[in-house]
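Let me begin by presenting the structure, written as structure tokens, before commenting on it.
The values are calculated or read from the model by the stated rules, or taken from the named source; none is laboratory data. Model, not experiment: these values are computed from the prediction. Here the Cβ is made from the backbone with ideal geometry for all residues, glycine too, and neighbour counts use every protein chain on show.
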Amino acid sequence: MDPEIAQGRKREESLPDPGTAAPAEFDAHAADYDRQLNRGLRLSGESKDYFAAGRMERLGSRLAELGSRPSTALDFGCGTGSASPYFFEILGVTSLLGIDPSESSLDEARRASAGREAVFATSATGREATCDLAFCNGVFHHIPVKERAAAFAIVRETLKPGELFAFWENNPWNPLTRLAMRLVPFDREAIPIYPHEARRLLQENGFEILRTDYAFFFPRFLSALRFLEPSLRGVPLGAQYLVLCRRAD
């Protein structure tokens, strides 16, 4: 059976085509997002900031290996802007475009990024081929299967030809990740995406796969072992995975 079908009923909300309305559910969660997310993250003993910074540090390492120094980035499905500071502080971008269908979430993101060169909007219309780097984290498992191609198209069209897309997702092979998602109200009905399925989707939607890395193997009480994580990037048991790919033309 297709693992996506096996996950049960999919949620109705998605990142829409430009111009459609924001999902009411994420508007309702925006003000309480951190508390709800931490309900799942408590299994790790870490906060959302630990993971947000960790994703950027791992991505930054891969970008450095490729000689990539992006200046303008897209955060697709940016939510309340949790990742926004790290684009500037870790990756060194000079401007950020955050796209999300929830206006209430975008209001939170704007407050969090006040004073930075950051724009948050529900649509990428008019910004085609403007970004040196695209990024998403845990977004596509909320998008109904039939609407994913349209979402990938938005990312692809916003990204400059030949530039990189960092696709982060929760790893369904990790049992603690599955449990954490069940504990978070807005993740309970999400459809987890397995790494091989993510690679297939990306290839089918105009991206060239460069590599897949796994991350976040050890909870806080085993933090003494985290020095091993760079050597475990190829082991498909980390709590999350990164598929690094390039817009193919």
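Say we look at the range 83-110 and pick out the residues that are in contact with a Leu (Cβ under 6 Å, 6 or more places away or on another chain) and not in a helix (DSSP H, G or I); which of these is surrounded by the most Cβ atoms within 10 Å (Cβ to Cβ)? The selected residue is D100. Contact map, the range 135-155: first residue within 21 Å of V184 (Cβ to Cβ), second residue of a type in the set (V, I, T) and modelled with pLDDT of 95 or more, Cβ cut-off under 7 Å, separation 6 or more or different chains; pairs are F140/I193; H141/I193. Restricting A109, A64, A134 to those that are under 17 Å from the mean Cα position of the chain (by Cα), of a type in the set (A, V, I, L, M) and at pLDDT 95 or above reduces the list to A134. Looking at the range 20-32, is at least one residue surrounded by 16 or more Cβ atoms within 10 Å (Cβ to Cβ), modelled with pLDDT under 95 and either in a loop (DSSP other than H, G, I, E, B) or touching a His at 6+ places or on another chain (Cβ under 6 Å) (or both)? Among the residues of the range 20-32, at least one is surrounded by 16 or more Cβ atoms within 10 Å (Cβ to Cβ), modelled with pLDDT under 95 and either in a loop (DSSP other than H, G, I, E, B) or touching a His at 6+ places or on another chain (Cβ under 6 Å) (or both), which makes the answer yes. Evaluated against (1) out of contact with any helix residue (DSSP H, G or I) (no Cβ under 8 Å at 6 or more places or on another chain); (2) within 20 Å of A52 (Cβ to Cβ), S123 falls short on exactly one condition, (2). Taken as a whole, the structure places A190 among residues that are surrounded by 15 or more Cβ atoms within 10 Å (Cβ to Cβ) and out of contact with any Pro (no Cβ under 7 Å at 6 or more places or on another chain). Every listed requirement among (1) surrounded by 15 or more Cβ atoms within 10 Å (Cβ to Cβ); (2) in contact with an Asp or Glu (Cβ under 6 Å, 6 or more places away or on another chain) is met by R220 save one, (1). Please go through the range 195-236 and give me each residue that is assigned to a loop (DSSP other than H, G, I, E, B) and within 20 Å of R42 (Cβ to Cβ), ordered by number. Result: F216, F217, F218, P219.
Checking each residue in the range 129-155 for being of a type in the set (G, A, S) and surrounded by 22 or more Cβ atoms within 10 Å (Cβ to Cβ) picks out A134, A151. Which ones in the range 132-161 are outside any strand (DSSP E or B) and among the aromatic types (F, W, Y)? Within the range 132-161, F140, F152 meet the criteria.
Residues checked against (1) farther than 20 Å from C245 by Cα; (2) within 13 Å of the chain's Cα centre (by Cα); (3) at pLDDT 95 or above:
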position: A53; (1), (2), (3): yes, yes, yes
position: E57; (1), (2), (3): no, no, yes
position: G60; (1), (2), (3): no, no, yes
position: S68; (1), (2), (3): no, no, yes
position: S71; (1), (2), (3): no, no, yes
position: T94; (1), (2), (3): yes, no, yes
position: E103; (1), (2), (3): yes, no, no
position: S113; (1), (2), (3): yes, no, no
position: T125; (1), (2), (3): yes, no, no
